[in-house]
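The values are calculated or read from the model by the stated rules, or taken from the named source; none is laboratory data. Predicted, not measured: the structure shown is a model, and the values here were computed from it. Cβ placement follows ideal geometry from the backbone for every residue including glycine, while neighbour counts extend to all protein chains displayed.
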Amino acid sequence: MSATYRAMLCRRLGPPDVLEPAELPRRALQPGEVRIAVHATGVNFPDLLQVAGDYQHRPPLPFVPGFEAAGEITELAGDVRNWQAGDAVLLRGTGAYAEEMVAPAATLLPKPADWSWDEAAAFPVAAATAWVALLWRGRLLRGETLLVLGAGGGTGLAAVALGAQAGARVVAVASSAEKREAALAAGATVALDPAIAGWEQGLQAEVVFDPVGGEMFSTAWRALKPGGRWLVVGFAGGGIPRPPANRLLLKEAELIGVRAGEQARRDPLAARALKTGLRDWLVGSEGRRPLIGAIYRLDEAAAALRRLADRNAVGKLVLRPR
């Protein structure tokens, strides 16, 4: 086994082009940890924010970005009993823009045998965000109307799929015909073009899943039913809306922040429920696999992030380090 491994390293904060390939020293495993040979890495909007220095969590420089991956276990700490070398797994973790990762064994999920490495790597972050938002924080009920903004991206499509599985009527909003087709294939009842004036008229959604923010907020707010729940997931649209408090009062609405990773770290009950929910999703995944929009080599990570920033990716982008 080599003493080093390849990774994309962020030595300074800035645009995606600050990432550079590096050979990093392999470290010894600590109790409870496993070493994973990464076969695919999911690319997410928080990766872009973290490299720019705009994410909530700012690791010390230099760091390897990336929050999800899929691969094979190659080494286990002596106290790990529930996994073995050669097991195919997926995980949410840190440092995923690399050809190997070290992670706590407790964070791993088994890869379904009929899923590709790319599909498995694209699953954990978006699925966890959708699950915590819709089922834990948003209390989505069967028969309710769920409005998903930014429905053509990886996170939006995960929310569409989970909402449909939960028995909601899912209304997807996406900016291109290709994205709207993807949302319908994922389970949306209807897909709307936000460029068409008045798209929000007549909608009465009990729950709104919003990873977009920006100018979309004011328009989409009119589609929220009185007493509804608005899930603030992110700000891919670039701007952070500042809704007047009177809007909440007039609709008696709930404005709910969603941080799936933080929720699981802070609340052990939520963490256990999330892991069970993701396992169930993986087992009963027919028709609900991540849509892979494009695949890049590991050393093309900057190009993948630029595409994500341009908001023209449909589904998830994936890096392959091998």
**Request:** Look at segment 156-193 and say how many of its residues are surrounded by fewer than 24 Cβ atoms within 10 Å (Cβ to Cβ) and out of contact with any Lys or Arg (no Cβ under 8 Å at 6 or more places or on another chain).
**Result:** 10
**Request:** Considering (1) in a helix (DSSP H, G or I); (2) touching a strand residue (DSSP E or B) at 6+ places or on another chain (Cβ under 9 Å); (3) farther than 15 Å from residue 132 by Cα, say which one residue 150 fails and leave the rest.
**Result:** (1)
**Complete:** Filtering helices (runs of 4 or more DSSP H) wholly in segment 213-322 for at least 2 residues that are within 25 Å of residue 57 (Cβ to Cβ) gives 260-266, 268-283, 301-309
**Complete:** A careful count of residues in segment 63-85 that are in a loop (DSSP other than H, G, I, E, B) and either surrounded by 13 or more Cβ atoms within 10 Å (Cβ to Cβ) or in contact (Cβ under 8 Å) with a residue 60 or more places away in the chain (or both) gives 7
**Message:** Tell me the residue from 214, 228 that is touching an Asp or Glu at 6+ places or on another chain (Cβ under 8 Å), farther than 18 Å from residue 67 by Cβ and not aliphatic (A, V, I, L, M), please.
**Reply:** 228
**Prompt:** Which condition number does residue 240 fail, the rest of (1) surrounded by fewer than 18 Cβ atoms within 10 Å (Cβ to Cβ); (2) in contact with a helix residue (DSSP H, G or I) (Cβ under 8 Å, 6 or more places away or on another chain); (3) among the β-branched types (Val, Ile, Thr) being met?
**Reply:** (2)
**Message:** Tell me yes or no: at least one residue of segment 194-207 is buried (at least 24 other Cβ atoms within 10 Å of the Cβ), on the phi < 0 side of the Ramachandran plot and either more than 17 Å from the chain's Cα centre (by Cα) or at pLDDT 95 or above (or both).
**Reply:** yes
**Item:** residue 109 being under 19 Å from residue 291 (Cβ atoms), part of a strand (DSSP E or B) and within 20 Å of the chain's Cα centre (by Cα)
**Value:** no
**Asked** Being at pLDDT 95 or above, within 21 Å of the chain's Cα centre (by Cα) and closer than 30 Å to residue 212 by Cα, is that true of even one residue in segment 70-84?
**Response** yes
